[in-house]
Amino acid sequence: MAAAWGKLTGQPGLCFVTRGPGATNAAIGIHSAMQDSAPMIVFVGQVGTDMRGREAFQELDYRAVFGTMAKWAVEIDQADRIPEILSRAWTTALTGRPGPVVVALPEDMLTSLTAAAPLTGPVRLAEPAPDTATMAEVRAMLSAARRPLILIGGCNWTGGGRAALQGFAEGSDIPVVAAFRYQDQFDNFSPAYAGEAGVGMPANVKRLLREADVILAINARFGEMTTDGYTLLAVPVPGQKLIHVHASDREIGKVYRPVLGIQAGPNAFAAALVPVTGDWAGWRARARADWEAGFELGPQPSPVDMGLVTAHLREVLPEDAILANGAGNFTVWPNKFYKFGARARLLAPQSGAMGYGVPAAIAAKVAYPDRTAVCFAGDGDFQMTCQELGTAMQAGAQPVILILNNGTYGTIRAHQERNFPARVSGTDLQNPDFVLLAQSYGFHAERVERTEDFPAAFARARASRTGAVLDLAISAEALTPRQTLSQMRDAALAKKDRTENQ
Ligand SMILES: Cc1ncc(C[n+]2csc(CCOP(=O)(O)OP(=O)(O)O)c2C)c(N)n1
Ligand SMILES: [Mg+2]
């Protein structure tokens, strides 16, 4: 919840957990905030300083455990230093590449008295901005390009920064691709928008990254998903001319050696861009047309057809809707078949953490009670955090949750069918009655058995004042939008036959 809060609001989400088991339970959230570059502060209990180091009850060395997972891990040893350390924690969470900070609080820090003055008021942080000579170089490189591409990422964009980038991209007619799960950071309705470089990357987006001669990467870190396993750009020197703009010195050159590295914040950088011209109108037009064509889809082999459901949601959801998801094959629907306008948001973890969607959608309802928050959850994914329905009721922050119930850990089943066809192992799920479960928490809940029943069920869900869970009957056959489970298995068996007969 705190990780999603940071991602959505740009301010640190705050989380308090107990020692050892509480801290390890928070680890998925800390890891997700780190991979998402989202600001968060986690306060963790610690044994008293008088017994530290003896492996006392629930003791953990937080600096060691979270030292490589969080942006910073610290323990407060003197109550007098609480203001200093909290100030640094807050600032660290927000500057450069935003991220999670873990602050451990030994028991005596909670009871000791101090005369230290408390902090007053927020810190003001100006973004690092590029100088004019550097911007002239950017212009020269882009103007000399034949197939320029902009790659954006991160969650610390402001409305002004986004508008400036959109104006530049449209004014220069340059296509824009979003890094894995950051497709909500650029208006998908802009003619410049050309898709997401994420998991299951479509061929047209791969082509854009591969064939671009100049890539202007702003605020993006080069993760495995965004680079298709580090194959679309060569490590460490890509064939494409790379301009890498990031507010953190630790990101520039981390994986790729840019032709031009610029340490600047995304909004300050976007504000300094002036449109360029070049002979690439066809390149941009095709990029956009290919993305639009990706929405064409045949019927799904499933009682509830998610192609039609998502098309319905594109029609009825308000322009400021907030979508959330965890991990599983079902995420293809909110991630690849929704169009995020300038005000819509996607809360989806770059860490691929199952269970992220439900608490993220609750956080969205806490932050923006009047906006529609819709969580897409797999049946496996939902059960990682479904107990948070209780938190939602307590907080009065109840989203609409769609469970894409296919009775399997579909992603893992797909790997099994592709690599070991017809050898299913441990991926079937014995699910509870999700309707009864949700109702027991006080949510409105319905089972949806047919596609044609979805629109009315969704309207009731949205109108419900208790939040709602819709349990959608999805066939395991419909594991990916363009290949059924049987097709996956048959293709793998045929390949196996060919290899064995050689
Ligand atoms: C916390 C966590 N545990 C395990 C995984 C590995 N994993 C990724 S997807 C997946 C299965 C998801 O199943 P489900 O939520 O039912 O979605 P489906 O693929 O069936 O649509 C698993 C086990 C993970 N990403 N996160
Ligand atoms: Mg499933």
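Quick rundown of the values:
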{"quantity": "Helices (runs of 4 or more DSSP H) wholly inside the range 71-154 that include at least 3 residues being among the hydrophobic types (A, V, I, L, M, F, W, C) and touching a residue at least 24 places away in the same chain (Cβ under 8 Å)", "calculated": "82-94, 132-143"}
{"quantity": "Options LEU208, LEU216, LEU151; residue that is closer than 16 Å to PRO275 by Cβ and buried (at least 23 other Cβ atoms within 10 Å of the Cβ)", "calculated": "LEU216"}
{"quantity": "Which listed residue, of LEU436, LEU389, is hydrophobic (A, V, I, L, M, F, W, C), assigned to a helix (DSSP H, G or I) and surrounded by 23 or more Cβ atoms within 10 Å (Cβ to Cβ)", "calculated": "LEU389"}
{"quantity": "Subset tally (residues that are of a type outside the set (Phe, Trp, Tyr) and assigned to a helix (DSSP H, G or I)) for the range 315-357", "calculated": "9"}
{"quantity": "Answer residue from the range 187-205, given it is out of contact with any strand residue (DSSP E or B) (no Cβ under 7 Å at 6 or more places or on another chain) and small (Gly, Ala, Ser) and is surrounded by the most Cβ atoms within 10 Å (Cβ to Cβ) among those", "calculated": "GLY198"}
{"quantity": "Elements of type helices (runs of 4 or more DSSP H) contained in the range 1-44, each with 3 or more residues being under 13 Å from the mean Cα position of the chain (by Cα)", "calculated": "2-9, 27-36"}
{"quantity": "Among residues of the range 365-423, those that are near ligand 1 (Cβ under 9 Å from one of its atoms) and without any contact (Cβ under 8 Å) to a residue 60 or more places away in the chain, counted", "calculated": "9"}
{"quantity": "Residue in the range 404-426 that is touching a Phe, Trp or Tyr at 6+ places or on another chain (Cβ under 9 Å), assigned by TED's automatic domain parsing to the domain that holds GLN483, part of a helix (DSSP H, G or I) and more than 9 Å from ligand 2 (Cβ to nearest atom) present", "calculated": "no"}
{"quantity": "Test for ALA364: is it under 29 Å from GLY154 (Cα atoms), in contact with a Pro (Cβ under 8 Å, 6 or more places away or on another chain) and buried (at least 24 other Cβ atoms within 10 Å of the Cβ)", "calculated": "yes"}
{"quantity": "Residue among ALA456, ALA397, ALA422, ALA463 that alone is in contact with a helix residue (DSSP H, G or I) (Cβ under 8 Å, 6 or more places away or on another chain), surrounded by fewer than 21 Cβ atoms within 10 Å (Cβ to Cβ) and closer than 22 Å to PRO318 by Cα", "calculated": "ALA397"}
{"quantity": "Hits in the range 372-386 - residues which are in a helix (DSSP H, G or I) and within 14 Å of ligand 2 (Cβ to nearest atom)", "calculated": "ASP379, GLY380, ASP381, PHE382, GLN383, MET384"}
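The values are calculated or read from the model by the stated rules, or taken from the named source; none is laboratory data. The shown structure was predicted, so the numbers you read here are calculated from the model rather than taken from an experiment. A quick note on method: Cβ atoms are made from the backbone with ideal geometry, for glycine too, and the neighbour counts reach across all protein chains shown.
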